Every structure is written in structure tokens, then in C-alpha cells.
Amino acid sequence: MRRKIEQLFLQWKQNPDRKPLVVKGCRQCGKTYSVLSFARANYEHVIYLNFHEQPSYKKFFQGALDVQTITMLVSAAFPSIPIVPGKTCFVLDEIQECPRARTALKFFKLDGRYDVLCTGSLLGVNGYRNDLEDMEAAIPVGYEQIVDMYPMDFEEWLWAIGLKDEIFQTLRQSFEQETPVPESLHDTMSNYLLQYAVIGGMPEAVKTFVQTHNMQMVLDVQRGIVDGYRSDMIKYASKEDKARIRACFDSIPKQLSKENKKFQYSTIRTGARAKDYWGCLQWIEDAGIVRKCYNLQMPELPLAGNAIDNVFKVYMADTGLFVSMLEDGTQADILQGDLLGYKGAIFENLLADFLGKMQRPLYYYHKEGGLEIDFVMRYKGECTLLECKATTGRAKSLRTILSNPDKYHIYQAIKVGSYNIGRSDGILTIPHYLAFCLENSRVVWCEATSCIQTSF
């Protein structure tokens with residue numbers, strides 16, 4: 001399946017001073033598939049070492065870590081695969097399982113004869129391993145390039161189901177010119193959005209849907225992935241944190257079903273305190289399972305500087321997985337057009353899914369007893385209010401802020417919902433499926449830092 005990260009891989013390969021590239025991401029987001037597909041399409045020879053499936057491959061890195069020794073050992077194990085300078089790529093899968101292989105990346109960079117692509121779980125790469133092997137291995141600071149990978153976004157999902165390029169052109173043109181999407185296309189895209197809300201962007205779930213169109217099979221895949229996350233909690237978390245992390249994770253549907261969706265530790269269990277569960281929630285976020293959305297003191301730039309660290313909402317990083325955690329029958333309700341369940345949580349999580357997979361930090365604005373804005377973001381260089389409404393509404397908070405420019409200095413607002421494109425009183429309305437057009441970022445290679453950067 002086509003993924004946007006392939007463009008990053010191409011930019012990396014075109015850089016003459018490239019470093020070994022480490023692709024990190026949550027469980028089953030498609031890291032291995034994308035890296036292997038790229039390597040096989042762009043190199044004559046590929047050495048593939050999966051340290052999770054074949055722990056014996058660690059032996060290649062147990063002794064000296066110079067490239068000559070490593071290639072000698074690997075060539076003896078794989079005599080049918082030539083190891084040719086400039087034409088061979090090493091793919092080190094699940095590199096967190098072999099910390100010394102990660103240490104060896106420094107020597108691959110200094111040697112310069114072979115390209116190296118790696119994948120790693122977020123937990124492993126972020127340092128949640130605590131065994132002796134990990135502690136004795138050195139992280140190759142300055143000799144590796146790390147990029148993040150996410151589950152498929154809505155646009156990639158549309159590619160997977162076969163949507164034609166001319167359809168995207170029509171949609172983007174409507175968005176840019178602020179003209180309504182043709183009604184028949186609008187209805188079709190609205191149905192696709194409902195399907196995406198249920199299926200989400202985990203590649204295995206998407207593949208199952210494309211091949212079978214059986215929603216029960218999709219749900220089985222999703223719940224298997226969620227169970228895998230729970231297994232990681234046992235594998236990587238410290239003994240004293242295992243139960244609390246699990247309880248924290250299982251509370252997410254309850255957190256979002258509240259009228260006030262601010263994350264509350266007391267929702268995990270009665271009497272729970274932040275000091276006991278803050279680290280557990282951070283663990284889940286570091287695993288790439290959830291994303292925090294921080295409340296702002298004021299809706300103004302810089303957003304990060306205005307964020308309140310201890311006041312936030314928590315959304316699942318992938319809406320399909322979130323829906324799979326809800327009661328049976330929710331999927332059918334959504335497919336029939338009902339996104340209002342759980343007090344709008346599904347609709348909000350869907351927009352958080354869109355923004356998060358654009359690598360946008362998430363912010364909102366809530367003033368007790370007063371204004372409430374679902375999301376606030378930097379868009380086209382300006383602070384922009386973003387509100388999601390499943391049905392038509394007056395958007396009172398948006399209008400209040402826009403009508404007081406001397407106080408708030410905000411001139412842009414977008415309302416996302418189940419309606420077509422339009423503009424009224426300075427507020428742009430767009431259908432939810434067009435939120436992927438809000439990605440006005442550009443991906444560039446920075447020569448000064450030798451890294452891939454995303455700017456908004």
C-alpha cells in the first residue's frame with residue numbers, strides 16, 4: 001500500500017551525507033512493509049535481519065562492531081546475497097531487540113559503504129528497555145537519523161481503496177476555491193469518512209477491509225492489535241506500573257464519554273491521583289497509542305508557550321482502534337451515519353486523528369463557564385480556531401472570539417462537520433472528509449542539520 005513516508009525515504013537516499021535511518025512508530029503501523037518495499041525497489045541487494053523473529057541474528061553484533069567484521073559474519077550466513085558497496089542495503093527490523101546493532105550504526109555511518117534502514121518500536125527506541133544488554137549499549141548520537149511513522153491517514157486510506165487522482169484534484173480545488181463539492185461526490189466522500197471512522201488506518205485492518213469488506217473481520221484485527229498493546233504493557237512496563245498502565249489505557253473510552261472531556265485521573269479509579277498515574281499515561285503516549293491535546297491559557301501564538309501542562313484531553317491516535325474499544329454495535333451505528341455517540345467523542349477523535357497524523361501538536365481552548373474551542377492550530381502562519389460539529393450549529397464560541405479581535409487577535413476560524421463548503425461571518429465551513437486538506441505543511445531536508453523537517 002502506498003504511504004507518504006516513501007517520499008521521506010527518497011529524500012534521505014538522495015542526500016549524499018545520509019546517516020542510517022531509524023523509522024520508529026507504534027505497533028503494526030506498517031514500518032516493516034514500507035521499509036522493505038523501499039529497499040527492494042531501490043537497491044540491488046537487501047540484507048534483512050529481523051531481531052524479533054530471529055534472535056539468533058544478534059550474534060552478528062556480539063563481538064567487534066566494525067563493518068568489515070559484521071559483513072563477514074552476515075555474508076557467511078547469507079552466501080546467496082552479495083554484499084556490494086553502494087548497491088547493498090541492510091534492513092535491521094525491530095532494532096530495539098538488539099541494542100548493539102543500534103550502536104553499530106555509528107560505524108556504518110563512518111564506514112560509508114552501505115546504507116542502513118532500521119525499524120523500531122516507540123517503546124524500545126524511547127528507552128523503555130531496562131535489561132543489562134540495553135544498558136551496556138551506546139546510542140549512536142549524531143550518527144543516526146530518526147523519523148516517526150504513523151498509522152495510515154485518511155488520504156492514504158483513500159489511496160488504498162483505489163480513489164483516483166482526479167478525485168483528489170477536484171476535492172483540493174473545491175477546498176482552495178471555497179466552492180461546494182459536487183453533491184454526488186460529497187455523498188460518496190461522506191460515506192468513505194464513516195468507513196474510515198470505523199476501520200481507521202492500521203494497515204492490517206485496511207488490507208482486511210479492502211480484501212473482504214467484512215467489518216467483523218476488521219474488528220477482529222483491530223482488537224488483536226489492542227490486545228498486542230496490552231501485551232506490550234506487560235513486556236516493557238516496570239512490574240509496579242503494569243496494572244496502573246492497563247487501568248489508565250482502559251479508561252480512555254470513559255474519559256471521552258464525559259461531557260467535559262478533560263482527562264481526569266479519578267475516572268481511572270476513585271481516589272486516583274496524578275502523581276500515581278502521570279507516568280503511566282506518559283508511557284501510553286510514548287508507545288504512540290494516544291495523543292494529548294493541551295488546553296491553552298489564551299488562544300494565541302505561540303501555542304506551545306500557552307499550553308497548560310496539567311490540563312489536557314486524551315485521544316486515541318487511531319480512531320478505528322478507539323471505536324474497536326467501544327461496545328459492540330457502535331460500528332454499525334457509525335456506518336449508518338450516527339457519529340453522535342459518546343457525546344461527540346467519536347467525531348472529536350476523528351479530527352484529532354486527522355491532525356495528529358499530520359504531525360500537528362494538539363491544542364484546545366476552554367474557559368470555565370465560558371468559551372470552548374475544540375482545537376486550535378497554526379494554519380497558514382496564523383492562529384486558527386477549529387471546531388467540529390456533527391450537525392449544524394451556531395458556533396457561538398467561534399463568533400465571540402472573532403468578534404473581539406482587539407482581545408484575541410484571531411481572524412481565522414474553520415467549522416468542520418457533515419455539511420458542504422461555505423463561508424459565513426468569517427467562518428469557513430468544510431465537510432469533515434476535507435480536513436486532510438488542512439495539511440499545508442511541507443517536508444524538507446535540512447542540509448545544516450542533516451535531518452528531515454516538517455514545517456507548517
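Among the residues of region 80-94, the ones that are more than 28 Å from the chain's Cα centre (by Cα) and of a type outside the set (D, E, K, R) come to 8 in all.
Among the candidates 237, 243, single out the residue that is more than 22 Å from residue 351 (Cα to Cα), in contact with a helix residue (DSSP H, G or I) (Cβ under 8 Å, 6 or more places away or on another chain) and not charged (D, E, K, R). First the steps, then the outcome.
Working: 243 fails: in contact with a helix residue (DSSP H, G or I) (Cβ under 8 Å, 6 or more places away or on another chain).
Going through 237, 243 in turn, the sole match is 237.
Could you list all residues from region 194-215 that are surrounded by 23 or more Cβ atoms within 10 Å (Cβ to Cβ) and under 16 Å from residue 338 (Cα atoms)? Result: 196, 197, 198, 199.
Could you please find all residues in region 210-222 being of a type outside the set (Val, Ile, Thr) and free of Cβ contacts under 8 Å to residues at least 40 places away in the same chain? Within region 210-222, 211, 213, 214, 216, 217, 220 qualify.
Every residue in region 32-68 that is basic (Lys, Arg) and surrounded by 14 or more Cβ atoms within 10 Å (Cβ to Cβ), please. Walk me through it before giving the result.
Filtering region 32-68 for residues basic (Lys, Arg) gives 40, 58-59.
Selection gives 40, 58.
Kindly provide the set of residues from region 390-406 that are at pLDDT below 90 and either acidic (Asp, Glu) or in contact with a helix residue (DSSP H, G or I) (Cβ under 8 Å, 6 or more places away or on another chain) (or both), ordered by number. Within region 390-406, 390 is the sole residue that qualifies.
For region 1-31, the set of residues classified as in a helix (DSSP H, G or I) and buried (at least 18 other Cβ atoms within 10 Å of the Cβ) consists of 5, 8, 9, 12, 31, listed by residue number. Under the condition of being without any contact (Cβ under 8 Å) to a residue 60 or more places away in the chain and farther than 17 Å from residue 359 by Cα, the residues counted in region 257-297 number 23.
Based on this model, can you work out whether residue 162 counts as part of a loop (DSSP other than H, G, I, E, B) and either over 30 Å from residue 280 (Cβ atoms) or within 20 Å of the chain's Cα centre (by Cα) (or both)?
Details: part of a loop (DSSP other than H, G, I, E, B): yes; either over 30 Å from residue 280 (Cβ atoms) or within 20 Å of the chain's Cα centre (by Cα) (or both): yes.
Against the criterion (part of a loop (DSSP other than H, G, I, E, B) and either over 30 Å from residue 280 (Cβ atoms) or within 20 Å of the chain's Cα centre (by Cα) (or both)), residue 162 qualifies.
For the subset of region 250-286 comprising residues that are charged (D, E, K, R) and in a loop (DSSP other than H, G, I, E, B), which member is surrounded by the fewest Cβ atoms within 10 Å (Cβ to Cβ)? Filtering first and then ranking leaves 259.
Here is a yes/no grid of residues against (1) β-branched (Val, Ile, Thr); (2) under 27 Å from residue 344 (Cβ atoms); (3) modelled with pLDDT of 90 or more; (4) in the same structural domain as residue 367 (by TED's automatic domain parsing):
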| position | (1), (2), (3), (4) |
| --- | --- |
| 202 | no, yes, yes, yes |
| 228 | no, no, yes, yes |
| 255 | no, yes, yes, yes |
| 258 | no, yes, no, yes |
| 279 | no, no, yes, yes |
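A quick yes/no check of all residues on (1) in a loop (DSSP other than H, G, I, E, B); (2) under 28 Å from the mean Cα position of the chain (by Cα); (3) hydrophobic (A, V, I, L, M, F, W, C):
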| residue | (1), (2), (3) |
| --- | --- |
| 52 | yes, yes, no |
| 96 | no, yes, no |
| 107 | no, no, yes |
| 117 | no, yes, yes |
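So for region 436-455 (the condition being in a loop (DSSP other than H, G, I, E, B) and modelled with pLDDT of 95 or more), does at least one residue qualify? No, region 436-455 has no match at all. Consider region 354-375 and keep the residues that are in contact with a Ser or Thr (Cβ under 7 Å, 6 or more places away or on another chain) and not charged (D, E, K, R). The one that is nearest to residue 201 (Cα to Cα) is 358. Contact map, region 40-67: residues that are modelled with pLDDT under 95 paired with residues that are surrounded by 19 or more Cβ atoms within 10 Å (Cβ to Cβ) and in a loop (DSSP other than H, G, I, E, B), Cβ distance under 6 Å, separation 6+ or inter-chain. Pairs shown: 52/94.
The values are calculated or read from the model by the stated rules, or taken from the named source; none is laboratory data. As the structure is a prediction and not an experimental result, all values here were calculated from the model. Neighbour counts run over all protein chains shown; Cβ positions are idealised from the backbone, glycine included.
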